[in-house]
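Chemist: Before I ask anything, let me first share the structure, which is written out below as structure tokens.
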Amino acid sequence: MSLYPSLEDMKVGQMLEAQQAEGYSAPNATSTPYPTSPSHHLPSAPSPAAVVNLQHAYPELGEYMGLELTPEEIALNMPEYLQNNQTALALAGNREVSAISESSQSLYPHALSAPLSGSSVGLARAQVSHGVRQVVLCKDEKGMVGMRVKAINKGVFVCLVTKGSPAAKGGLRFGDQILQINGTNVAGYSSDKVHDILKKAGDNNIVMAVRDRPFERTLTLHKDSTGHIGFQFKEGKINSIAVESSAARNGLLIDHNLLEVNGQNVVGVKDKEISQIIDDGGNIITITIIPTFIYTRIMKNMSNSLVKKMMDHSIPDM
């Protein structure tokens, strides 16, 4: 069964599957498999004949849930379903299709089907796996790794990653859980004890086992024709959700705090600046959220000015 990053992706994906099942395909072309991840070989624009056939095949897509599903959007995000491209894909053979799938799988490890969101770089940047990875750090010229942690429920969590620091360059993010440092399990340790371990560690090869942000989740939202995704927030806390909006359809909840927008950390950023990041983020926005009661505990005794000044708010590399 397919998984989708948003309800809009699921609905459009189901329409596309129904279109294929009803036989809307190019003459003499082999039916192409439903893509589990986006193709990186994208045409510039569909042919006029393909647009006509596309509109006939699923005429309701253009007005679905207020989405602006233009021929250009279809060509960018789901070119496999344009009739001229179905023939090309069928002739390309299994080798190229397999190569595309393997390339895309590295960006989308959970094999999400994303007919609308597949080309969104923000979706790829924002993925939360909850998996465990190894991170190897060194210290900077000041003998620092550039992060602070907070002990919660016998676990140790990253609460600050300094911009430009070894921790930032190593890919640590707000909410990551530190499981081990140089082979030592840190479950049950206090924040001060973990900071002391890092202080006494050597300058190089500080090896950590890290679980990817266990308290966090992402939601992919689609702007409507007015450019809105359907929620309001104050000081980063979501306090209102608009009825019939993408936020409501995709299960966004109040009493959660915004952590990232399209993979960019916004902890400590002013609401006006976050709104601008959303406005500038394109038609598809992936947000990372955390329950407010967890966020409050992680941020306890953290100065807002310190967080705004020191937190890494850069756009992560792909």
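The values are calculated or read from the model by the stated rules, or taken from the named source; none is laboratory data. Being a predicted model, the structure only gives us computed values, none of them experimental. All Cβ positions, glycine included, derive from the backbone under ideal geometry; neighbour counts span all protein chains shown. The accessibility values were calculated without ligands, DNA or RNA, using every heavy atom of the protein model including side chains. Shrake-Rupley method; radii C 1.70, N 1.55, O 1.52, S 1.80 Å.
Chemist: For the list (1) at pLDDT 50 or above; (2) under 21 Å from the mean Cα position of the chain (by Cα), I need the number of the one condition that Gln105 fails.
Modeler: (1)
Chemist: If a residue must be surrounded by fewer than 18 Cβ atoms within 10 Å (Cβ to Cβ) and in a strand (DSSP E or B), how many such residues does the stretch 218-228 contain?
Modeler: 0
Chemist: Right, next: Checking the condition in contact with a helix residue (DSSP H, G or I) (Cβ under 6 Å, 6 or more places away or on another chain) and open to solvent by 40 Å² or more (accessible area, probe 1.4 Å), which residue from Phe231, Phe215 passes?
Modeler: Being in contact with a helix residue (DSSP H, G or I) (Cβ under 6 Å, 6 or more places away or on another chain) and open to solvent by 40 Å² or more (accessible area, probe 1.4 Å) holds for just one of Phe231, Phe215, which is Phe215.
Chemist: Can you name every residue in the stretch 149-161 that is crowded, with 18+ Cβ neighbours inside 10 Å and touching a residue at least 60 places away in the same chain (Cβ under 8 Å)? Working first, answer last.
Modeler: Residues of the stretch 149-161 that are crowded, with 18+ Cβ neighbours inside 10 Å, as a first pass: 149-151, 155-161.
Residues satisfying the conditions are Lys150, Phe157, Cys159, Leu160, Val161.
Chemist: Determine, yes or no, whether Ser129 is surrounded by fewer than 16 Cβ atoms within 10 Å (Cβ to Cβ), in a loop (DSSP other than H, G, I, E, B) and either among the hydroxyl-bearing types (Ser, Thr, Tyr) or modelled with pLDDT of 95 or more (or both).
Modeler: yes
Chemist: Looking at the stretch 120-170 only, could you name the residues that are hydroxyl-bearing (Ser, Thr, Tyr) and closer than 16 Å to Leu219 by Cα? Before the answer, list the steps.
Modeler: Taking the stretch 120-170 and keeping what is hydroxyl-bearing (Ser, Thr, Tyr), we get 120, 129, 162, 165.
Those that are hydroxyl-bearing (Ser, Thr, Tyr) and closer than 16 Å to Leu219 by Cα: Ser120, Ser129.
Chemist: If you scan the stretch 197-223, which residues turn out to be acidic (Asp, Glu) and modelled with pLDDT under 95?
Modeler: Kept after step one, since they are acidic (Asp, Glu), are these residues of the stretch 197-223: 203, 212, 216.
Hit for the stretch 197-223 is Asp203, nothing else.
Chemist: Taking the options Gly183, Gly164, Gly188, name whichever one is of a type outside the set (A, V, I, L, M, F, W, C) and open to solvent by less than 50 Å² (accessible area, probe 1.4 Å).
Modeler: Values: Gly183 fails: open to solvent by less than 50 Å² (accessible area, probe 1.4 Å); Gly164 fails: open to solvent by less than 50 Å² (accessible area, probe 1.4 Å).
Checking each option against the conditions leaves just Gly188.
Chemist: Taking the residues in the stretch 243-284 that are closer than 22 Å to Met10 by Cβ and among the polar types (S, T, N, Q) as candidates, determine which candidate is surrounded by the fewest Cβ atoms within 10 Å (Cβ to Cβ).
Modeler: Asn283
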